[in-house]
Amino acid sequence: MIPWWQGKLKERDLMSAFFAKTWNKIGSRIAVMFPDRVRDLYYSAGRLAGLEAQREYFKVGKQKPPGDFKGIVEFIKMALETLIVPFGEIKIAKLYKLWLDEEAIIEIEDNPYASGYEAEDASCHFLKGFIEAVLEYLTDFNRIEYEKLLVTEDTCMSMGAETCTFKITMTYPPRGTQ
């Protein structure tokens with residue numbers, strides 16, 4: 001975590017440190033009250049935030065939701081950097097199509113959800129839930145037929161990595177079996 005109490009920080013750094021410290025305190029309190037449910041609670045909250053964020057975005061902005069994998073991944077990036085992680089640097093590190101799969105890797109630097117937290121496993125359950133909810137909603141909205149959707153957090157700052165990376169994979173059914 002950024003030691004926000006030492007010296008003068010730029011406004012962005014101060015907000016990031018405040019967010020990270022608050023997020024960690026909330027997590028600690030949840031862990032005391034529901035020690036076996038922390039992961040599920042954060043994941044469920046992320047899914048709810050993902051559904052609400054996109055519904056409001058498309059309703060208020062009267063914008064057409066993206067209709068392909070690339071557009072959906074770009075929307076997820078925009079929603080993360082605008083609404084959910086406004087302090088971290090977010091980029092689409094990879095976006096590619098394989099035979100029956102499309103994959104993307106979203107990378108978050110200076111992630112306040114994992115900053116100052118040490119864990120043995122990836123800990124960004126809220127962000128994973130958010131990404132999954134947006135992905136599922138937009139593929140269903142566009143009636144994109146898929147066999148499997150998978151979101152994994154491959155690296156996490158709470159485990160000592162420099163960034164948090166989320167791999168998104170959409171597997172299409174083989175042709176002729178639809």
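Every number in this text was worked out from the coordinates using simple rules, so none of it is lab data. Given the structure is predicted, the values throughout are model-derived calculations rather than measurements. Cβ sites come from the backbone with ideal geometry, for glycine too, and all protein chains shown count toward neighbours.
Using alpha-carbon positions, what is the distance between the centroids of region 37-99 and region 100-145, in Å? About 8 Å separates the Cα centre of region 37-99 from the one of region 100-145. What's the long-distance tail for region 84-132, i.e. % of Cα pairs beyond 14 Å? Counting pairs separated by more than 14 Å, the tail of P(r) holds 61 percent.
Take the Cα of residue 39, step 7 Å along the line toward its Cβ, and report every residue of region 148-178 whose backbone nitrogen sits under 18 Å from that point. Hits in region 148-178 for residue 39 at 18 Å: 150-160, 165-167.
Working note: Karplus 6.51/-1.76/1.60 with θ = phi - 60° gives region 140-156 the couplings 5, 4, 8, 6, 7, 7, 9, 8, 8, 10, 9, 10, 10, 8, 7, 9, 9 Hz, where Gly and Pro are set to x. Near residue 171: Cβ cut-off under 9 Å, other residues only, Lys/Arg at +1 and Asp/Glu at -1. The net charge is -2.
Annotation: amide H-H contacts under 5 Å for residue 93 (H modelled 1.01 Å from N, sequence separation of 5 or more, or interchain): 105, 106, 107.
Estimated at 0.36 nm per residue, the fully extended path between residue 147 and residue 63 surpasses their Cα-Cα distance by 27.5 nm. If you wrap the Cα atoms of region 24-178 in a convex hull and average its projected area over all directions, you get 9.8 nm².
Taking other residues whose beta carbon is less than 14 angstrom from the beta carbon of residue 48, and scoring Lys, Arg as +1 and Asp, Glu as -1, yields -2.
Amide H to amide H, with H built 1.01 Å from N, residue 155 comes under 5 Å of 165, counting only residues 5 or more places away or on other chains.
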